[in-house]
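Colleague: My questions will all concern the structure given below.
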Amino acid sequence: MQYDTSIFDTYGKSLNQLHPHHSGPDCYETRYFLYTGNTNFGIQNLEYDAYTENWIVAVYRGKKEQFSNQPLFMIDGKIPPLPLPLAGRNGDKGEVLTLATLGKKDHNGIYGIEFPYGQTGVCALGDGRYYFSHPQKHEDGSFSSTVVQYGINTTTPKVFCKIL
């Protein structure tokens, strides 16, 4: 969903974990769709990459056996959304985004990237370098994250490679 971010300040409130607020715009400006097959909880992080002109999409891996359930996708930023029928929506149409042909194409024709990071943070620097969060869960139940730098190699299925 796309919102006019210039109005967000009017909805800002301090966070109270015991009483979370539910303020925000009543409606979105535009709604986009991206067919990935299956994810848990939808998109966790969405980051524009000026280097490839694509959008990085990090998700929690889905669990449906008929899909490869990749954790990372890239939207082809050079192809505008197309008004197309939505899969599994009885003929409803929507503004459908196109997956970039990066990573690996599964048996359903869905391109995804088998890369385990991005769900808890991704930052594209715009020059072929990226920071990905590596989350850790500790024995006491707490979580932390280490940020690690990666480069891009669009000729391999893994796509991202760690920079030492």
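Read the figures in this text as sums done on the coordinates, not as results from a lab. This is a predicted model, so every value here is computed, not measured. Virtual Cβ from ideal backbone geometry, glycine too; neighbours counted across all protein chains shown.
Colleague: Once the Cβ-Cβ distance between E65 and Y11 is put in as r, and R0 is 25 Å, what FRET efficiency do you end up with, to the nearest 0.05?
Modeller: The pair E65/Y11 has a calculated efficiency of 0.05.
Colleague: From Cα coordinates alone, what are the radius of gyration and Dmax values for region 84-164 in angstrom?
Modeller: Answer for region 84-164, Rg first and Dmax second: 16.7, 49 Å.
Colleague: Would you mind ranking S68, S142 so that the residue whose beta carbon has the fewest other beta carbons within 10 Å leads the list?
Modeller: Neighbour counts put them in this order, fewest first: S142, S68.
Colleague: Now, a different point. For the chain, what's the relative contact order in percent, using C-alpha pairs closer than 8 Å and at least 6 residues apart?
Modeller: Reported relative contact order: 17 percent.
Colleague: Related question: Would you mind putting 144-154, 39-49 in packing order, based on average other-beta-carbon counts within 10 Å, highest first?
Modeller: Going from most to least packed, we get 39-49, 144-154.
Colleague: Would you kindly state the longest site-free stretch of the chain, with sites defined as trypsin sites (Lys or Arg not before Pro) in a DSSP loop (not H, G, I, E, B) surrounded by at most 15 other Cβ atoms within 10 Å? Before the final figure, lay out each step's value.
Modeller: Working: sites that count: K13, R31, K63, K64, K78, R89, K158.
Here the longest run is 90-157.
Colleague: For region 1-45 and region 89-164, what is the centre-to-centre distance using only Cα atoms, to the nearest Å?
Modeller: 21
Colleague: Which pairs, out of K64/K162; K13/K93; K105/K137; K137/K162, put more than 25 Å between their alpha-carbon atoms? Kindly include the intermediate steps, with their values, before the conclusion.
Modeller: Numbers: K64/K162 30 Å; K13/K93 36 Å; K105/K137 31 Å; K137/K162 21 Å.
From the list (K64/K162; K13/K93; K105/K137; K137/K162), the Cα-Cα distance tops 25 Å for K64/K162; K13/K93; K105/K137.
Colleague: Taking the radius of gyration and the Kirkwood hydrodynamic radius from Cα positions alone, what is the Rg/Rh ratio for the chain, to two decimal places?
Modeller: Rg divided by Rh gives 0.99.
Colleague: A further question on this structure: Once phi is turned into ³J(HN,Hα) by the Karplus curve 6.51 cos²θ - 1.76 cosθ + 1.60 with θ = phi - 60°, what whole-Hz value does each residue of region 102-115 show in order, with x for glycine and proline?
Modeller: Listing the rounded values in order: 10, x, 10, 8, 8, 5, 8, x, 9, 7, x, 10, 7, 9 Hz.
Colleague: Oh, and also: Express in nm, to one decimal, how much length is gained between Q149 and I79 on full extension, taking 0.36 nm for each residue of separation and deducting their alpha carbon distance.
Modeller: Contour length minus the Cα-Cα distance gives 22.4 nm.
Colleague: Rounding to the nearest 20 debye, state how big the charge dipole of the chain is about its Cα centre with +1 on each Lys and Arg Cβ and -1 on each Asp and Glu Cβ.
Modeller: Once rounded to the nearest 20, the dipole reads 480 debye.
Colleague: Where both residues lie in the chain, what percent of DSSP beta bridges are antiparallel, nearest 5?
Modeller: Of the beta bridges lying entirely in the chain, close to 95 percent run antiparallel.
Colleague: Would you tally the net charge around T154, using a Cβ to Cβ cut-off of less than 13 Å, leaving T154 out, and scoring K and R as +1, D and E as -1?
Modeller: After counting each charged neighbour, the total is -1.
Colleague: What FRET efficiency comes out for the pair S142/N108, r = Cβ-Cβ distance, R0 = 45 Å, nearest 0.05?
Modeller: 0.75
Colleague: Go ahead and run the numbers for FRET between Y35 and C161, Cβ-Cβ distance against an R0 of 41 Å, rounding to 0.05.
Modeller: E(calc), rounded to 0.05, equals 0.90.
Colleague: Hey, another quick one. Under a Cβ-Cβ cut-off of 13 Å, what is the net charge of the residues other than T101 that fall near it, where Lys and Arg count +1 and Asp and Glu count -1?
Modeller: Residues near T101 contribute +1 overall.
Colleague: Let me ask another. Out of residues 5 or more away from H134 or on other chains, whose amide H comes under 5 Å of its own, with H placed 1.01 Å from N in the peptide plane?
Modeller: Distant-sequence amide H within range of H134: T146, V147, V148.
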